[in-house]
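Shown next, in structure tokens, is the structure this report addresses.
Values quoted throughout were computed directly from the atomic coordinates according to the rules given, and no laboratory measurement underlies them. The structure presented is a predicted model; accordingly, all values stated were derived computationally and were not measured. For neighbour counting, all protein chains shown are included, and Cβ atoms are generated from backbone atoms with ideal geometry for every residue, glycine included.
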């Protein structure tokens, strides 16, 4: 054992050289270990544990095993995510993450360089929203309905004025009049009636789209899963053809050979 001292500090150094050094040496090691909570007093051999201690040890060990398995799975998942990020980034942007070794650092770097700002997203979404207000002529109604849900939900997330109040629902039904004027007009009438009564229209855009989708599927049996385009859906006239009360004075559709469609 040696002692180093100056006017303000005394430092004790113990070198474990012989048996007589043990107690002083282990005391200093315990003191260092206790600074980080590493030293735990008690039995160190299973044979020295009583039944209660052994049961507690078994529980702690099983919990440790579960934690280590969970940790290993997480490490693998992080490695897989890291690889997925590099595989899914365009080649011309790979230089951005070459020096990043963790998913967090890679995502942070990519966000700084490539993620659009809210202002940019708002401008892009406004353009997409306006495109929904064009009647779905020449395009699939199914795609048009899906885009209504997708774009309007993104607009809601950014709290854009296009979707404030019932504006989006009204825009949807106004445009839907091209597909089926009677049904869409009835939906608009409901909105205006509730407004005049001071009652809030509670249906979301998603609910309006789902309602209209189910309606079109029922009145258009020739269209499966709404895979037909807008022309096949008959745009303005086909929706009322299947309703008996609108068939008066109208001829039943026929093949080019003059036979009824029911033949």
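For a Förster distance of 35 Å, can you work out the FRET efficiency between the beta-carbons of residue 102 and residue 146, rounded to the nearest 0.05?
Numbers: r = 36 Å, r/R0 = 1.03.
Using R0 = 35 Å, I get an efficiency of 0.45.
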Fully extended contour minus Cα-Cα distance, from residue 73 to residue 60, at 0.36 nm per residue | 2.7 nm
Take the range 37-172, drop everything but the C-alpha atoms, weight them equally and run the Debye formula without solvent; then report log10 I(q)/I(0) at 0.09 Å⁻¹ to two decimals.
-> -0.61
